[in-house]
Amino acid sequence: MSSSVVLPSISFKKCASGAPESCRSFGHLGFDNDIRRISRLNLGKSRIFMSVTFGSQAAVDDALFRAYKPSSAFLFPGQGAQAVGMGVEAQKVPAAAELYKRANDILGFDILDTCINGPKEKLDSTVLSQPAIYVTSLAAVEVLRARDGGQQIIDSVDVTCGLSLGEYTALAFAGAFSFEDGLKLVKLRGEAMQDASDAAKSAMVSIIGLDSAKVQELCDAANEEVDDGNKVQIANFLCTGNYAVSGGLKGIEAVEAKAKSFKARMTVRLAVAGAFHTRFMEPAVSRLEAALSSTDIRIPRIPVISNVDAEPHADPETIKKILARQVTSPVQWETTVKTLLDRGLRKSYELGPGKVVAGIVKRMDKGASIENISA
């Protein structure tokens with residue numbers, strides 16, 4: 001049985017000039033329901049400063065966005081995209097620079113200084129890289145907005161997603177929660193994942209040159225040689241020829257030792273704290289659940305594709321559950337990008353540091369149109 005949808009009411013905060021600004025560029029909200037069609041709504045021009053309030057959401061149909069037809073997408077990077085010097089371009093755009101100042105109040109330290117000056121070892125830490133990438137990626141949205149035609153591009157976006165951590169950035173862009181609430185969640189997520197990593201010896205390694213079936217065979221072979229506490233699994237399904245394996249340290253070492261015999265081109269040990277997107281992150285789940293339960297999460301204005309199941313979700317309570325599960329679930333990025341392309345995606349933008357996401361998209365479809373917007 002399909003349920004009714006409560007549409008949003010929008011309350012504006014005033015910026016210094018007195019003009020209304022918003023949480024995100026709303027553009028249009030459009031979706032189909034099994035019983036009725038809700039026409040596309042122009043929710044107006046906006047910025048990252050808008051507060052969006054929905055009425056009672058008890059009757060939200062989580063499948064609201066399932067029939068989405070993408071034309072223009074914003075894609076946000078995850079941990080590993082960080083680089084010393086990011087954030088410099090953002091300082092040329094007042095709205096982007098303001099995000100770093102607002103972030104400082106929540107984080108309790110100067111995130112921009114870490115982004116620009118490092119050192120690299122500090123920026124690479126899980127507790128710092130995650131909030132740094134989140135802020136810089138949303139700053140990139142403001143950098144785009146400030147350029148000629150930028151607002152029109154933002155208004156044209158009808159689907160968004162992000163790689164692991166980037167899912168939080170995508171949800172903030174889509175108005176599911178405020179910039180501040182998203183940053184608080186990301187800060188806690190980084191801390192919880194670091195603590196979970198510290199509790200056990202674990203690691204991640206990228207396997208280059210094999211398809212997913214071969215990588216699974218490699219994991220199975222490695223698991224035959226280690227105890228249950230060191231088992232490994234595919235944690236990031238990025239694209240054919242590039243999959244990340246997570247697990248106990250001895251299991252990862254077994255994977256690396258066997259990779260050549262499985263015809264892998266190479267292995268790359270990842271500079272992360274531990275076995276992300278596996279059961280090793282289980283201690284982080286309860287902390288995330290507690291934080292998410294007290295966070296005001298709303299119906300996204302456009303589809304946001306989940307890393308857990310490569311589907312968009314509309315129900316705020318489902319989104320909370322999905323985000324809590326995300327840290328222990330394999331990232332389904334390959335399926336996400338393939339689905340976007342198969343459904344007719346014409347143009348996409350990677351917003352934030354690095355070009356990892358663009359590289360994956362191009363590997364999957366050399367003819368895909370994707371532009372990098374850095375900050």
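Just for the range 307-338: of the residues that are among the acidic types (D, E) and buried (at least 18 other Cβ atoms within 10 Å of the Cβ), which one is nearest to S178 (Cα to Cα)? Before the answer, list the steps.
From the range 307-338, those among the acidic types (D, E) are 309, 311, 315, 317, 334; that's our starting set.
Subsequent filtering for residues that are buried (at least 18 other Cβ atoms within 10 Å of the Cβ) retains 311, 315, 334.
Working: E311: 22, D315: 17, E334: 28 Å.
Top of the filtered list is D315.
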- [ ] Filter the range 362-372 down to residues that are touching an Asp or Glu at 6+ places or on another chain (Cβ under 8 Å) and touching a residue at least 60 places away in the same chain (Cβ under 8 Å) and give me whichever is surrounded by the fewest Cβ atoms within 10 Å (Cβ to Cβ).
- [x] M364
Task: Count of residues meeting criterion [touching a strand residue (DSSP E or B) at 6+ places or on another chain (Cβ under 6 Å), of a type in the set (A, V, I, L, M) and within 22 Å of P77 (Cβ to Cβ)] in the range 183-230 - done: 4
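Residues are listed down the side, and each one gets a yes or a no for (1) touching a Cys at 6+ places or on another chain (Cβ under 9 Å); (2) more than 21 Å from K263 (Cα to Cα); (3) surrounded by fewer than 21 Cβ atoms within 10 Å (Cβ to Cβ); (4) free of Cβ contacts under 8 Å to residues at least 60 places away in the same chain:
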| position | (1), (2), (3), (4) |
| --- | --- |
| V186 | no, yes, no, yes |
| E225 | no, no, yes, yes |
| T240 | no, no, yes, no |
| Y243 | no, no, no, yes |
- [ ] Considering only the range 193-212, state which residues are among the aliphatic types (A, V, I, L, M) and either over 24 Å from Y243 (Cα atoms) or part of a loop (DSSP other than H, G, I, E, B) (or both).
- [x] A199, A200, L210
- [ ] For the range 97-116, enumerate the residues that are surrounded by fewer than 14 Cβ atoms within 10 Å (Cβ to Cβ) and within 19 Å of A375 (Cα to Cα).
- [x] K101, D113
- [ ] Pick out, from the range 268-375, the helices (runs of 4 or more DSSP H) lying fully within it that include 2 or more residues that are at pLDDT 95 or above and touching a Ser or Thr at 6+ places or on another chain (Cβ under 8 Å).
- [x] 282-293, 316-326, 333-342
- [ ] Can you give me the number of residues within the range 245-293 that are crowded, with 16+ Cβ neighbours inside 10 Å and of a type in the set (S, T, N, Q)?
- [x] 3
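For (1) within 30 Å of D315 (Cβ to Cβ); (2) in contact (Cβ under 8 Å) with a residue 12 or more places away in the chain; (3) among the acidic types (D, E), each residue gets a yes or a no:
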{"site": "A140", "(1), (2), (3)": "yes, yes, no"}
{"site": "L144", "(1), (2), (3)": "yes, yes, no"}
{"site": "Q152", "(1), (2), (3)": "no, no, no"}
{"site": "D155", "(1), (2), (3)": "yes, yes, yes"}
{"site": "D158", "(1), (2), (3)": "yes, yes, yes"}
{"site": "A172", "(1), (2), (3)": "yes, yes, no"}
{"site": "G175", "(1), (2), (3)": "yes, yes, no"}
{"site": "F179", "(1), (2), (3)": "yes, yes, no"}
{"site": "I207", "(1), (2), (3)": "no, yes, no"}
Open item on the list: Here is a check on your reading of the model: is L138 surrounded by 18 or more Cβ atoms within 10 Å (Cβ to Cβ) and more than 18 Å from the chain's Cα centre (by Cα)?
Closed with: no
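Test of understanding: among D124, D61, D105, which residue is more than 24 Å from K184 (Cβ to Cβ), out of contact with any Phe, Trp or Tyr (no Cβ under 9 Å at 6 or more places or on another chain) and not aliphatic (A, V, I, L, M)?
On the way: D124 fails: more than 24 Å from K184 (Cβ to Cβ); D105 fails: more than 24 Å from K184 (Cβ to Cβ).
Exactly one residue qualifies, and that residue is D61.
The values are calculated or read from the model by the stated rules, or taken from the named source; none is laboratory data. Here the structure is a predicted model, which is why all the values come from computation and not from measurement. Heads up, the Cβs are rebuilt from the backbone with ideal geometry, glycines too, and the neighbour counts pull from every protein chain shown.
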